[in-house]
Each structure stands twice: as structure tokens, then as C-alpha cells.
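Nothing in this text is a laboratory measurement; each read-out follows from the coordinates by a stated rule. For clarity, every value in this text was computed on a predicted model and none was experimentally measured. Don't worry about glycine lacking a Cβ; one is built from the backbone with ideal geometry, like all the others, and counts go over all protein chains shown.
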Amino acid sequence: MKVIALLLVEIAKAMNVPVIGIVLNKVRGKKYELGIKEIENLTESKVIGIIPYDESVPESSRQMTPAILYKKSARCSSSFKKLAGHITETPLKETAFDRLRAKIGI
């Protein structure tokens with residue numbers, strides 16, 4: 001993963017394509033995964049989003065439905081919303097109820 005991310009950033013910079021940031025996908029939070037700071041230092045780019053590993057993503061693919069619509073309470077759904085808010089510069093206003101729903105998986 002780290003080699004691919006670094007290569008993509010280098011290619012983008014070589015082509016004069018601005019890199020607004022890195023999105024980490026399928027993050028499990030395991031000790032063997034690189035940390036955010038390590039990735040930022042390696043790629044010289046800011047991590048702008050973290051999408052956790054979520055079983056609802058392959059399930060939604062089988063149903064041909066976007067994960068964010070397939071299971072709105074999935075952990076990945078709120079992460080996708082936050083990322084979209086960051087990219088469009090319209091931050092997501094997450095309520096306490098949203099956080100509770102995500103935590104208990106409803």
C-alpha cells in the first residue's frame with residue numbers, strides 16, 4: 001500500500017496535478033498498519049479521509065447499491081460523508097445520535 005500511494009503522489013506531482021490529500025481505505029486499526037503520520041511523512045501529503053474496513057461494502061456491491069445507502073448506520077457511511085464534506089468544503093454536522101447509531105450499528 002505505501003509504495004502505491006507514494007508512486008501515485010509522485011506521478012500526480014510530475015503531471016502537475018494538485019494532490020489535495022490521501023484517503024486511507026479499508027483501515028482496520030491493526031498494529032501492523034502504518035499510522036497516519038507515517039503515511040503523511042512518506043507521501044508528503046495530508047491524510048484527508050479514513051474509510052474503515054466494513055463488511056457492508058462488499059454486501060452493498062452484491063446488491064448494486066452504494067454502501068452509504070445500503071446501510072446508513074455503517075461505520076464507512078459516516079466516513080464517506082465526512083470525506084465528501086471535506087472535499088466539497090461543506091463539513092458534515094454529525095449529531096450525538098449519529099455517533100450512537102454508528103457505534104451500536106443500527
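Note on the stretch 16-56: residues that are free of Cβ contacts under 8 Å to residues at least 24 places away in the same chain, more than 18 Å from Ala84 (Cα to Cα) and not charged (D, E, K, R) amount to 8.
When Phe80 is tested against (1) more than 19 Å from Leu8 (Cα to Cα); (2) surrounded by fewer than 11 Cβ atoms within 10 Å (Cβ to Cβ), just one condition goes unmet, and that condition is (2).
Under 22 Å from Lys103 (Cβ atoms), without any contact (Cβ under 8 Å) to a residue 60 or more places away in the chain, hydrophobic (A, V, I, L, M, F, W, C) and surrounded by fewer than 16 Cβ atoms within 10 Å (Cβ to Cβ): is that true of Ile4 in this structure? Considered against the rule, which asks whether it is under 22 Å from Lys103 (Cβ atoms), without any contact (Cβ under 8 Å) to a residue 60 or more places away in the chain, hydrophobic (A, V, I, L, M, F, W, C) and surrounded by fewer than 16 Cβ atoms within 10 Å (Cβ to Cβ), Ile4 comes out as no.
Restricting to the stretch 48-59, give me the number of residues that are assigned to a helix (DSSP H, G or I) and either among the charged types (D, E, K, R) or over 26 Å from Ile20 (Cβ atoms) (or both). Let's see the steps before the verdict.
Initially, the stretch 48-59 is screened for residues assigned to a helix (DSSP H, G or I), giving 56-59.
From what's left, either among the charged types (D, E, K, R) or over 26 Å from Ile20 (Cβ atoms) (or both): 56, 58-59.
Here the count works out to 3.
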